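A short reminder: the numbers here are calculations on the coordinates, not readings from a lab. It should be emphasised that the depicted structure is a prediction, and the values quoted were computed from it without experimental measurement. With ideal geometry, Cβ positions are generated from the backbone for all residues, glycine too; neighbour counts draw on all protein chains shown.
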């Protein structure tokens, strides 16, 4: 790789469209009919605020009415139908889903409140961040006209697993009583988001056409006074990125800073740049196992991705057995991964960040390149990491109250209850219903806690 | 109350020092303490499930008499602090600038465990007509570096509160603590005492069993009374007459079969299934990585393998456990162990 000069502001940020007018709008489909996002989105937002205002007024009338009437005659509050409160934009990365929302907000003089996959999105986290803004208006709203807001939930398909438990119901919940329009963005169609798809309109956003990409790029190149990029290179970059405008811009910016190389060299550089684009985690994991051939490639792949390594190595842990089937290879891969984990632990414990390079190379390159046999080809589903160690000792409310009740009668520690006493109780309850009843009477259990004694019993079998 | 207690282990829990069976020298010493209304810090050493906590509790109860509830606290050293407790410790560690004195605006660096769980109790004055309060710390050896914090506590607040520390491994306790305590070794119950106890219980529950059965109970429960009583109760579910067959059947239920299954499937080379299994076990029994490895070790030792192979496996487990000490993600470490077992199974 050629030496890199100091980057100035990334072009992606520099030329992020300020207004929807000077933006190349990707085409979109709603229920297989072509629609124009330029018309649909403002319409959606305006409609939302108009209807919400009406509904708020009506609700206020209902509230005043309810205050002075009998319990029976009370009216229910009116809610905005969900499909008018939220929409989903779906399409591959880098085609301008997020940008269009920001540009639109800029045009309409609104604020954007964003959460994305880098935030943990458990029920609590989402609620604390969004619900308050979604439901209420700020104090300033009473005094003066403040900016209206758009809620942008980016990378919805990243919601999964125990880490983001309860996020989907929260979003649905949110869309029922929000004060601001919600726009969701996603890359892939996901089964676990089915309940979301059912209730809100889904716009499929297509990649930009080549002509439009050319237009944008030429404009930017002119502004930047870049002349050393020949047509051939441009075409190569555009084809490679498959409509991912963000990727194209990143590549071009890098290329513009390299001068005077032979055409072949430039081609090589372009191909290596390909991996520098920010990619989503799925393709990173897939690439790491299926297309990376050298340690250097693995490095560039992990270094340039915007995925937190803290997070990435857990993904690798989860997906190792899907990609590496040979037992020998699997065990060496896990050997490296476990050493990487150990190193990472020491880094965190003693703040020895100088060890970080070893961690990187071991968990990504070392793991992916251990295979001696052939690369496992073909499409494989990448799984989300399902298991988080930190939660191994966290208890749900039923477990907690069960433990408290046991401890009242018999003072032993939590761990003893789980390892020693609870299995014993389960054996007793297993034998007959009467025993279960006796036991739950004795401990004064409610139905949920009683279920706990039973449920684990069935899972044991 | 006794009649409707459905768990025998609790039903036959001794209620007073004189009820405690077969520990004469210890009990008479403790009774002396009560008579003289004074005792030093105590350190009870004995293997798991042998009755250390029960003895310590009953002793404190009799020592404190009516003032037991307010002046007694039992702390589990191995229960991790909750998030609330941690934030509480953090906020308490900071002395407000509005306070007067040299400490104002400074941070006190006491370990969170001691700050939250020990100090509030130890610092409080004695309530009632007794010489001092009693604090029991269970599984003291798991405290690790927090033990250092106890050294000063035991001296400064010694006159206000006496401590009874319970441990299974004396080697896990630092010397300064040992030198501040009077040691009590609590051995396994002798067989004839154990036999008498079991006979007493079986008479009360009208069970029929012969000496051969009691011998097997002793062997299976490794002399631990609570475990033996559990075993009796489970066997009694199948009828009042207990022979060795019934005993064997019920003891099988006791073992965690899942552990065996994990080891065997991993030897067969089915990685994905093993991973599912061990994740289940971890969440069901709330093991941490170290405890999980211990359980695996127990299974390995009982397997019919050659000495050479066993040593190799133990080496693998030890290595994995060692790494898990520093590692951040125990799932990775355990997966690594399992993948090694997979290749090991192929070699056999």
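When the alpha carbon coordinates of segment A:281-368 are projected onto the principal axes, the ranges are 36, 27, 20 Å, largest first. Let a ≥ b ≥ c be the square roots of the eigenvalues of the Cα gyration tensor of chain B; is it rounded (a/c under 1.5), or, if not, prolate (a/b larger than b/c) or oblate? Cα axes put chain B in the oblate bin.
Helical runs (DSSP H, four residues minimum) scored at -39500 (n - 2.57) apiece and divided by the length of chain B put the mean residue ellipticity at 222 nm at -17000 deg cm²/dmol.
Please identify, among B:278, B:33, B:184, the residue showing maximal mean-square fluctuation in a Gaussian network model of chain B using a 10 angstrom Cα cutoff. So, out of B:278, B:33, B:184, the one fluctuating most is B:278. Within the listed set B:104, B:77, B:89, the residue fluctuating most in the Gaussian network model of chain B (springs between alpha-carbon atoms under 10 angstrom) is B:104. Computed over the alpha-carbon pairs of segment B:194-348, the distance histogram in 5 Å steps reads 1, 9, 16, 17, 13, 10, 11, 10, 7, 5, 1 percent, short to long. Using the basic label-point model (7 angstrom from Cα toward the beta carbon), what is the residue A:379 to residue A:107 distance in nanometres? Simple spin-label model gives 3.5 nm for this pair. Extents of the protein assembly as shown, taken as max minus min of Cα coordinates on every principal axis and listed largest first, are 97, 81, 65 Å.
Spin-label model, residue A:92/residue B:200: points 7 Å from Cα along the beta carbon direction are separated by 8.0 nm.
Is segment B:116-261 rounded, prolate or oblate when judged by the Cα gyration tensor, a ≥ b ≥ c being the square roots of its eigenvalues, rounded requiring a/c under 1.5 and prolate requiring a/b larger than b/c? In terms of gyration-tensor shape, prolate.
Return a whole-number percent for the relative contact order of segment B:1-149, with Cα pairs under 8 Å and 6 or more residues apart as the contact set.
25 percent
For chain B, the relative contact order works out to 17 percent when only alpha carbon pairs closer than 8 Å and six or more residues apart are counted. Take every pair of alpha-carbon atoms less than 8 Å apart whose residues are at least six positions apart; their mean separation over the length of segment B:257-347 yields a relative contact order of 43 percent.
Kirkwood's formula applied to the C-alpha pairs of segment A:311-360 gives a hydrodynamic radius of 11.6 angstrom. Quick check on segment B:246-331: take the gyration tensor over C-alpha atoms, sort the square-rooted eigenvalues as a ≥ b ≥ c, and tell me if it's rounded (a/c under 1.5), prolate or oblate. Note, shape of segment B:246-331 comes out oblate.
Based only on Cα atoms, what mean projected area does the convex hull of segment B:191-254 have, in nm²? Mean shadow area of the hull around the Cα atoms is 3.6 nm².
Summary of packing: across the peptides B:112-124, B:333-345, A:34-46, the per-residue average of other C-beta atoms within 10 Å ranks them, highest first, as B:333-345, B:112-124, A:34-46. Per-residue Cβ neighbour counts within 10 Å put A:448, A:222 in the sequence A:222, A:448, beginning with the fewest.
Mean-square fluctuations from a GNM of chain B, with a 10 angstrom spring cutoff on Cα atoms, peak among B:328, B:57, B:23 at B:328. Shown is the FRET efficiency for residue A:283 and residue B:245, computed with R0 = 45 Å from the Cβ-Cβ distance and rounded to the nearest 0.05: 0.15. When the P(r) of segment A:394-460 is calculated, the portion above 21 Å amounts to 13% of the C-alpha pairs. Looking at chain B alone, DSSP beta bridges between its own residues are antiparallel in about 5 percent of cases.
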